[in-house]
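Okay, so here's the structure we're looking at.
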Amino acid sequence: MDLDLIDRKIIAALQADATLSIAQIADRVGLSQTPCWKRIQKLEQAGVILGRVALVAPEQVGFGLTVFVEIEASDHSPDWRQAFASRVGAMPEVMDIHRMAGDVDYLLRVAVADMAAYDRFYKKLTDTVPLKNVTSHFAMERIKATTAYPIDTLHR
């Protein structure tokens, strides 16, 4: 989907605060309410807007430890990749899964309460599918975290 400036402003507004009313968004982007609502619906139907959620502080809801887990695959077959994606993707502690280029095949972002919870997760992970190597990196401090892409600063 080719996004124009108004679409980008709508997306930026929703990324900043998904609780804005249609009237508030329309006012910010210079449209009336009906065309604004139609654009939002079009962005949702096109899969540009995937959902609207509340962001929470992980440590405030019991997830004080973030772990970045590097995985080297023991197999690169389509069946293994499918099993890995399905089984690891179903683990609630796994917040992100990225297939990587380079020395590491996959990078996971895992949220758990503490080291004991991570140990339980690690055992479950290594029992799920055959893995060549698992390396864990423990985050000591979150300095910046955002879900908002800088779409309103993108120049074409």
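Read-outs: derived from the displayed coordinates by stated rules, not from any lab. Keep in mind the model is a prediction, meaning the values are calculated, not measured. Ideal geometry is used to build each Cβ from the backbone, glycine not excepted, and the neighbour counts take in all protein chains shown.
Backbone geometry of the stretch 102-108 corresponds, through the Karplus equation with coefficients 6.51, -1.76 and 1.60 at θ = phi - 60°, to 3J(HN,Hα) couplings of x, 5, 9, 7, 9, 10, 10 Hz, x marking Gly and Pro. Averaging the Cα positions of each part gives two centres, and for the stretch 19-76 and the stretch 103-134 these lie 26 Å apart. Can you give the log10 of the normalised intensity I(q)/I(0) at q = 0.10, 0.16, 0.20 Å⁻¹, computed with Debye over equal Cα scatterers of the chain? The Cα Debye sum returns log10 ratios of -0.53, -0.97, -1.15. In the chain, the DSSP-assigned H stretches of four residues or longer account for a calculated mean residue ellipticity at 222 nm of -11500 deg cm²/dmol, using -39500 (n - 2.57) per stretch and the full residue count as denominator.
How much of the calculated P(r) for the stretch 5-54 lies past 19 Å, in percent of all Cα pairs? In whole percent, the share of Cα-Cα pairs in the stretch 5-54 beyond 19 Å is 12. Across the chain, C-alpha contacts under 8 Å between residues 6 or more apart give a mean separation that, scaled by the residue count, equals a relative contact order of 29 percent. Axis of helix 78-89 versus longest Cα principal axis of the chain: the two differ by about 70°, to the nearest ten degrees. When peptides 137-145, 104-112, 86-94 are ranked by their average number of other Cβ atoms within 10 Å per residue, the highest-first order is 104-112, 86-94, 137-145. The charge dipole of the chain, taken about the Cα centre with unit charges on the Cβ atoms of Lys, Arg (+1) and Asp, Glu (-1), comes to about 460 debye, rounded to the nearest 20.
In the stretch 61-110, the alpha-carbon atoms span a convex hull of 70 Å³ per residue. Dipole size of the stretch 5-54 about its Cα centre, with +1 on Lys/Arg Cβ and -1 on Asp/Glu Cβ: approximately 120 debye, rounded to the nearest 20.
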